[in-house]
Amino acid sequence: MSFLRAGLVMTCVALAASPAVCAPAAAPPAPASEIRLAAHRAEYAMSLNSTRMSGTGVTGASGKMSYRFADSCDGWTVENKTAVVFSYSDSAPVSTTWDYVTWESKDGLRFRFHVRSTRDGAVNEDIAGSATLDAHGKPGSVKYTQPESKTVSLPAGTVFPTENTVRLLEAAQNGDRVLQKVVFDGTDVSGPFNVTGIFTRLVPANSNASPSLANTQVNATLLTAPSWLMQLAFFPLGSTAAEPDYEVGLRYYLNGVSDEMIQSYGDFTLKATLDKLQPLPKPDC
């Protein structure tokens, strides 16, 4: 999956499935193979992982995230729905939702997106539009239709989210330690992000290291490929800040499935733990 925020000052986040996530030793490359993303449906339990009490005052968080990555013959579709209730030390709980729906052509040159979020039932963000690239490695543009009609240029070398996932997995297979890309995912009205991926450890195929394998609602055949622990940091384009806007620590399998992740928002982090995982059928193209 793709997830949805150099000069990176990295904050190491220990994933429960991966005790050596911050180990400095270089990860040996896995045997090279073609990246074949698996169409799948997953559900994650969301919970508060850590918080800085001097910041947001968040004392708890609970909810669910559903993720559907499907093959549409000429492209890949993503449906990501997240609902989390936050508790605070000095105010009433806040209920939030975040819906993210995209389509990306398999050649990586066309992208459509719609993002909608609410806070206690009131819409606080609604972003929609489409984007195109002139060719691989060439510039492109975004045409927003929500919240207002406008066009934003995309610099040469920009990639869309699924293409970025493939590039990350290819780099991990090659034994690279860092990959930096300009990524447009449709989540921000100002355009793309600089995304830095740092690969910290290879987990061999069929290692049975995932705690999700004990869950009968998790299809174990999707968790047998080699996987890598990685940290993704999202910076606004042109930013010189040492700290990213958003970070995700996760374990990515070679087929694009992730079984656990930590989302960092600066003053607090959320943990997503895999509850359900099933493959999706191939389309009749």
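Bear in mind these aren't lab numbers, they're just calculated from the coordinates by the rules spelled out. This structure is a prediction, so every number in the text was calculated from the model and none was measured. Cβ placement follows ideal geometry from the backbone for every residue including glycine, while neighbour counts extend to all protein chains displayed.
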Amide N of segment 55-99 lying under 14 Å from the label point, which is placed 7 angstrom from the Cα of residue 217 along Cα→Cβ: 63-67
Stretch residue 178-residue 265 to full length: gain in nm at 0.36 nm per residue minus the Cα-Cα span? 29.2 nm
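Assuming a strict under-20 Å limit between Cα atoms, what lysine pair count do you get for segment 88-229 once near-sequence pairs (fewer than 8 apart, same chain) are dropped? Provide the component values of the computation, followed by the final result.
Numbers: 106/138; 106/143; 106/181; 138/181.
Close lysine pairs found across segment 88-229: 4.
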For segment 40-278, one quarter of the surface area of the C-alpha convex hull, expressed in nm², comes to 13.6
Just subtract the alpha-carbon distance of residue 36 and residue 189 from 0.36 nm times their residue separation and send over the number in nm, one decimal. 52.0 nm
Count neighbours as other Cβ atoms within 10 Å of each site's Cβ, and list the chymotrypsin sites (Phe, Trp or Tyr not before Pro) in segment 223-285 that are DSSP loop with at most 11 such neighbours. none
Across segment 246-263, in residue order, what do the Karplus-derived ³J(HN,Hα) couplings come to in whole Hz, using 6.51 cos²θ - 1.76 cosθ + 1.60 with θ = phi - 60° and x for Gly and Pro? 7, 9, 9, x, 7, 10, 9, 7, 4, 8, x, 8, 10, 9, 6, 8, 10, 9
